[in-house]
Amino acid sequence: MQENYTLFYGEKKQEDTFIIKNMFENNEKIEIGWTEKEITENLKTIENKIKNDNEQIIFFGIEIGWAEMIRKIREKHKNPIKVICNTSDALLYYDYERNNFFDLLKLSKENIIDKIGFLKKGQYEVYKKKKYNASYILENYKLDSKYEIKNEKGKIKIGIYPLNYTWDKNIFNQLSVGKFIDNSIINYNELDYKMTEFLKIMKINSKAQKINEQNIFNNILENDINISCSFTEYLHTIFFLSMELGVPCITGNNEDFLNSELKEYLVVEAEDNPIKIAEKLNKCIQNKEKIMESYEIWKKEYNKKAENSIKEFLD
């Protein structure tokens, strides 16, 4: 992979940083541009990374204040400037997402930035057809090391680890799965007291956890299976982390990368139906070895495709 780039990212969405830093090794954190001071500090950080005119400047998304910052960089430098879109059309419901996305499109139309990388195939095809200079980047996560699965016999341990407390994460439908799996315990990322309150009212056996970048591997490895069934998604962070660690993970019908065999066991078509999620979960547990063997074979080829998609974006 080309080394003449630096990817700059903010930390507004924890789940994004887990995976994007794995996909792009040359990365640097900058601040969300809430104030002129933060924008000025960001510009200093970026200047220090620019070695020559061929050095690519890549941003993971457009955060508040970044459009202004990118314009200032373009005025001073001829370097290629590219942006990886960190939202989807479904999330334009949020004012913050919509305003930043429209800034991204405007920067592209004005040739301030040279290319947009989309992580959703359908989104890429729409904006490519609308004549934006766009690439399709296959999301990915690769682990070089092997980790020991820690789960013990007894209760079926189900991990539910949303990393943002928003409507699209479908949190309460997923927590409800514990009502339909006998002898189970829900291990969950306690983002809000309402999650714990809900589980107590529903009398679902559960254990609250606090997930961060340092402990997420250990928590995932404690479970027999994990669930990550959001209504919409452009980065399937928990899915890839879990599968790479050898723990099967159920995901929602919002992915466009799995083959038909893996879809049969891992993809739920009705994310708002806990009974359907539970049925898929039981089927997955019963076929765990077969699924993980199929995943390993599929992932070797997928890794190559994902790497090629990044190369094409950097070309």
### Message
A 18 angstrom limit on the alpha carbon distance is what I want to check against. Which of K12/K72; K121/K305; K21/K311; K203/K276; K21/K288 exceed it?
### Response
K12/K72; K203/K276; K21/K288
## Note on the structure
Sorting F60, L258, L7 by the position of each Cα along the dipole of the chain (Lys, Arg +1; Asp, Glu -1; all at Cβ), the one nearest the positive end of that ordering is L258
### Query
Which one of G252, G159, G65 has the biggest mean-square fluctuation once the chain is modelled by GNM with Cα springs under 10 Å?
G65
### Query
Counting only residues 5 or more places away or on other chains, whose amide H sits under 5 Å from the amide H of S135 once H atoms are built in the peptide plane?
I116, G117, F118
### Task
Calculate how steeply helix 288-314 sits against the longest principal axis of the alpha-carbon atoms of the chain, using the helix alpha-carbon long axis, and give the answer as 0 to 90 degrees to the nearest 10.
10 degrees
### Query
Cross-link list K129/K300; K283/K304; K155/K290: which exceed 27 angstrom alpha carbon to alpha carbon?
K129/K300; K283/K304
### Message
What FRET efficiency comes out for K29 versus F102 if R0 is 22 angstrom and r is the Cβ-Cβ distance? Round to the nearest 0.05.
### Response
0.35
### Pairwise FRET efficiency - N215 versus N253, Cβ, R0 = 30 Å, nearest 0.05
0.55
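Could you pull out the trypsin sites (Lys or Arg not before Pro) across the range 200-285 that fall in loop regions by DSSP (anything but H, G, I, E, B) with no more than 10 other Cβ atoms inside 10 Å?
When the trypsin sites (Lys or Arg not before Pro) of the range 200-285 are filtered for loop state and at most 10 Cβ neighbours within 10 Å, K203, K210 remain.
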### Task
Name the residues whose placed amide hydrogens come within less than 5 Å of the amide hydrogen of G33, ignoring near sequence neighbours (fewer than 5 apart) on the same chain.
I64, W66
### Message
Once R0 is set to 35 Å, what does the formula 1/(1 + (r/R0)^6) return for the Cβ-Cβ distance between K109 and E312, expressed as a FRET efficiency to the nearest 0.05?
### Response
0.95
### Query
How large is ³J(HN,Hα), in whole Hz, for each residue of the range 199-211 in order, when computed from phi with the Karplus curve 6.51 cos²θ - 1.76 cosθ + 1.60 and θ = phi - 60°, using x for Gly and Pro?
5, 5, 4, 7, 6, 9, 5, 7, 9, 7, 9, 10, 8
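Readers should treat all values here as calculations from the given coordinates under stated rules, not as data from a laboratory. Values in this document were obtained by computation on a predicted structure and should not be read as measured data. So basically every Cβ, Gly included, is an ideal-geometry build from the backbone, and we count neighbours across all protein chains shown.
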